Structures are given as C-alpha cells and as structure tokens.
Amino acid sequence: MKRRAFLATAGLVATTGCLGRAVSDGDEPATRDESTTQRDSATRGDGDALADHGRSCPAIHDSADATVCAGEGGDRGVSFGQNADRLTSGEVLELTLVTEDTESVGLNPYDWGVYREKDGGWARVDQEPTIEPWVVLASGERLQWRVGVGDATVDTDGDRVYGGPKDLDPGEYAFAATADIGDATVSLVAPFTVE
C-alpha cells in the first residue's frame with residue numbers, strides 16, 4: 001500500500017515536472033514552456049479573476065466558495081495537480097489531491113464530472129448516477145482520479161483511486177469535483193484539451 005502511494009507520488013512528480021503542471025508553492029506561475037499558458041498562482045474566490053494568458057480556469061460550480069485550479073498554489077492547505085493538459089484517445093488524465101496544511105478535507109470522491117466548453121459556457125458531458133460515500137482525508141493523505149479518453153484502459157484498483165473512461169470528442173474540457181476544506185466548499189478544476 002505505501003509502496004503504491006510512493007510510486008504514484010514519484011510518477012506524478014516526474015511527469016508534472018516535465019509537463020509544468022506541478023502545483024506551485026510560491027508566488028510564481030506554473031509554466032510548461034514558452035508556447036503554453038502561464039497562470040497566477042492564487043486560489044480564486046467569488047469575483048476574483050485569474051490572469052488569462054490563453055487558457056483560464058473555468059468556474060464550474062456556481063455554489064462553491066472558491067476554486068483551486070490544477071497546477072496553482074493557494075492558501076487552501078491542499079495541492080491539486082494533473083499529469084497532462086493535452087490528451088488523445090487512448091490516454092489517461094490523472095488528477096491528484098493532496099492535503100498539506102489543513103487538518104482534514106471532506107468530499108465524495110465519486111461526485112466528479114467532465115465538462116465541455118460550448119458557446120462560451122460549460123456543460124457536463126454526462127450525468128451518471130453518483131454513489132454517496134463521504135471520505136475524509138487527514139493531513140498528508142492523497143486521493144487520485146483517473147479519467148480515460150475514448151478507449152483508454154483505466155486502472156482504478158487501489159486505495160483512494162476513482163474515475164473511469166469517457167468518450168470525448170476533440171475539444172476543450174475541464175475535470176471538476178468539490179471538497180469541503182475548513183468552512184468552505186472548494187471547486188477543484190483541471191482544464192484539458194482533447195486533440
């Protein structure tokens with residue numbers, strides 16, 4: 001179990017270092033290379049805007065108190081990262097939530113969705129039945145989602161690994177889930193492109 005968690009962490013660190021989607025713990029923006037987007041490293045609350053350098057973090061959950069976008073630092077006591085922001089059919093998007101400076105994070109790990117940008121708004125790709133367990137992550141614990149594109153094989157075996165395959169046409173998408181962090185409901189958002 002601990003070996004699996006270590007390998008998952010090592011793989012995430014290795015891939016995010018190459019892809020530039022690692023979670024920043026400072027005030028500098030996370031960058032992938034000169035041809036990609038740079039973002040502010042702040043957590044966005046209602047009414048706050050992220051710097052838009054080509055791709056911004058969409059507001060998916062209107063009822064959320066704040067949004068944490070994958071790859072951005074913030075003051076919520078969690079880190080949220082993704083292994084890639086461009087995928088093709090057969091590939092798997094991996095998203096990892098890690099508690100850091102907060103006592104606990106509560107969420108329903110099955111209550112996640114993929115949203116597609118259409119006509120300037122975001123619409124959920126599908127509405128699947130949601131199992132309702134509540135999970136509490138203590139400080140230092142992690143949870144992972146794996147979302148397969150098209151015919152990708154998605155391995156969700158293991159402790160605290162959730163997700164599944166989605167039939168996604170080329171376009172702009174965002175993974176989204178919510179978590180209770182302290183007194184706030186926080187939207188976890190990871191934008192990505194299917195080519």
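The values are calculated or read from the model by the stated rules, or taken from the named source; none is laboratory data. All values derive from a computational prediction rather than experimental measurement. No Cβ is skipped: glycine too gets one built from the backbone with ideal geometry, and neighbour counts run over all protein chains shown. Areas reflect the complete protein model, heavy atoms only, side chains present, ligands, DNA and RNA absent. Shrake-Rupley method; radii C 1.70, N 1.55, O 1.52, S 1.80 Å.
Exactly one residue among 121, 71 is open to solvent by less than 40 Å² (accessible area, probe 1.4 Å) and out of contact with any strand residue (DSSP E or B) (no Cβ under 8 Å at 6 or more places or on another chain), and that residue is 121.
Among the listed residues 129, 133, which satisfies the condition of being part of a loop (DSSP other than H, G, I, E, B), open to solvent by 70 Å² or more (accessible area, probe 1.4 Å) and without any contact (Cβ under 8 Å) to a residue 60 or more places away in the chain? Steps first, answer last, please.
On the way: 133 fails: open to solvent by 70 Å² or more (accessible area, probe 1.4 Å).
Within the list 129, 133, the selection yields 129.
Number of residues in region 58-84 that are in contact with a helix residue (DSSP H, G or I) (Cβ under 7 Å, 6 or more places away or on another chain) and not polar (S, T, N, Q): the value is 2. Please verify whether residue 158 is open to solvent by 10 Å² or more (accessible area, probe 1.4 Å), touching a residue at least 60 places away in the same chain (Cβ under 8 Å) and under 14 Å from residue 109 (Cα atoms), treating the condition exactly as stated. In short, yes.
What about residue 52, is it farther than 22 Å from residue 119 by Cα and either at pLDDT below 50 or surrounded by fewer than 19 Cβ atoms within 10 Å (Cβ to Cβ) (or both)?
Details: farther than 22 Å from residue 119 by Cα: no; either at pLDDT below 50 or surrounded by fewer than 19 Cβ atoms within 10 Å (Cβ to Cβ) (or both): yes.
No, not satisfied.
In the set (1) under 20 Å from residue 96 (Cβ atoms); (2) in contact with an Asp or Glu (Cβ under 7 Å, 6 or more places away or on another chain); (3) open to solvent by less than 60 Å² (accessible area, probe 1.4 Å), residue 139 fails one condition alone, (3).
Just to be sure before I move on: is residue 63 of a type outside the set (Lys, Arg), in contact with a Leu (Cβ under 7 Å, 6 or more places away or on another chain) and modelled with pLDDT under 95 in the structure I sent? In short, no. Restricting attention to region 142-153, the residues that are over 25 Å from residue 105 (Cα atoms) and open to solvent by less than 40 Å² (accessible area, probe 1.4 Å) add up to 4.
Being assigned to a loop (DSSP other than H, G, I, E, B), of a type outside the set (Gly, Ala, Ser) and over 21 Å from residue 103 (Cα atoms) is the filter here, so list the residues in region 59-90 that pass it.
Taking region 59-90 first, the residues assigned to a loop (DSSP other than H, G, I, E, B) are 59-65, 70-77, 83-85, 88-90.
Narrowing further to those that are of a type outside the set (Gly, Ala, Ser): 60-62, 65, 72, 75-76, 83, 85, 88.
Once the filter is applied, which keeps residues that are assigned to a loop (DSSP other than H, G, I, E, B), of a type outside the set (Gly, Ala, Ser) and over 21 Å from residue 103 (Cα atoms), region 59-90 yields 60, 61, 62, 83, 85, 88.
The one condition from (1) over 17 Å from residue 177 (Cα atoms); (2) assigned to a strand (DSSP E or B) that residue 115 does not meet is (1).
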